[in-house]
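> Pasting a structure below so you can have a look.
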Amino acid sequence: MGTFDNYECEGQMDIFDWLQQDNEEKSQEVEISEPNKCCGVTPWLHKSKCVHWDENKPQYYMMRYICPKCGKMAVDNIGWPIRGYGVYEDAAQQALKAWNSPDAVFEIKDYYDPKKGGYITINLDEEDEWFNLYGQSYQDYKAPLVEIANEEYRKKKMGEHINEKS
Ligand SMILES: [Zn+2]
């Protein structure tokens, strides 16, 4: 789950297409500032830093909203998670727009599905923000999900072991 995040910036072709689309739609954009709630809570804005190849260029990010309770996020028409891409403000704004769009389609991917032990990864300096939003420390959120993930893994391994024998 953690390693997946390191590869997020590779889907850039899709993102550029999406940005193009976004620019065309800008004229009819409405002012939005707060993400719609899901499962009674504010979704988490997941952020990853893109590799910073060129020191002279600003840091780019990929961002998207995920519900910490059910794991859902906005996807495009082929089921690919929609991610805001650009400098911090741009990426955040796009993530917000994708989440709040009246046409948004949502999916729960296995790696974020709490029922399968999926959990959201956050940055160390975001732990206070997490607590303020959900009234629960990030560690308390994550611990039971890691347990589920370990149990799922154990079951899968056992299944493989049984298959090998038969
Ligand atoms: Zn939810």
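The values are calculated or read from the model by the stated rules, or taken from the named source; none is laboratory data. As the structure is a prediction and not an experimental result, all values here were calculated from the model. Here Cβ is always computed from backbone atoms with ideal geometry, including for glycine, and neighbour counts include all displayed protein chains.
> State yes or no: is Lys72 at pLDDT 95 or above and within 16 Å of the ligand (Cβ to nearest atom)?
Yes: the conditions hold for Lys72.
> Right, Tyr60: over 9 Å from the mean Cα position of the chain (by Cα), of a type in the set (Ser, Thr, Tyr), surrounded by fewer than 18 Cβ atoms within 10 Å (Cβ to Cβ) and away from the ligand (no atom under 16 Å from the Cβ) or not?
No.
> Report whether or not Tyr141 is part of a loop (DSSP other than H, G, I, E, B), within 16 Å of the ligand (Cβ to nearest atom), among the aromatic types (Phe, Trp, Tyr) and farther than 21 Å from Glu34 by Cα.
no
> Only one of these is modelled with pLDDT of 95 or more, of a type outside the set (A, V, I, L, M, F, W, C) and within 16 Å of the ligand (Cβ to nearest atom): Tyr111, Tyr134. Name it.
Tyr134
> Please report, ordered by residue number, the strands (runs of 3 or more DSSP E) entirely within the range 55-99 with at least 2 residues that are without any contact (Cβ under 8 Å) to a residue 60 or more places away in the chain and touching a Leu at 6+ places or on another chain (Cβ under 7 Å).
Ranges flagged: 61-66.
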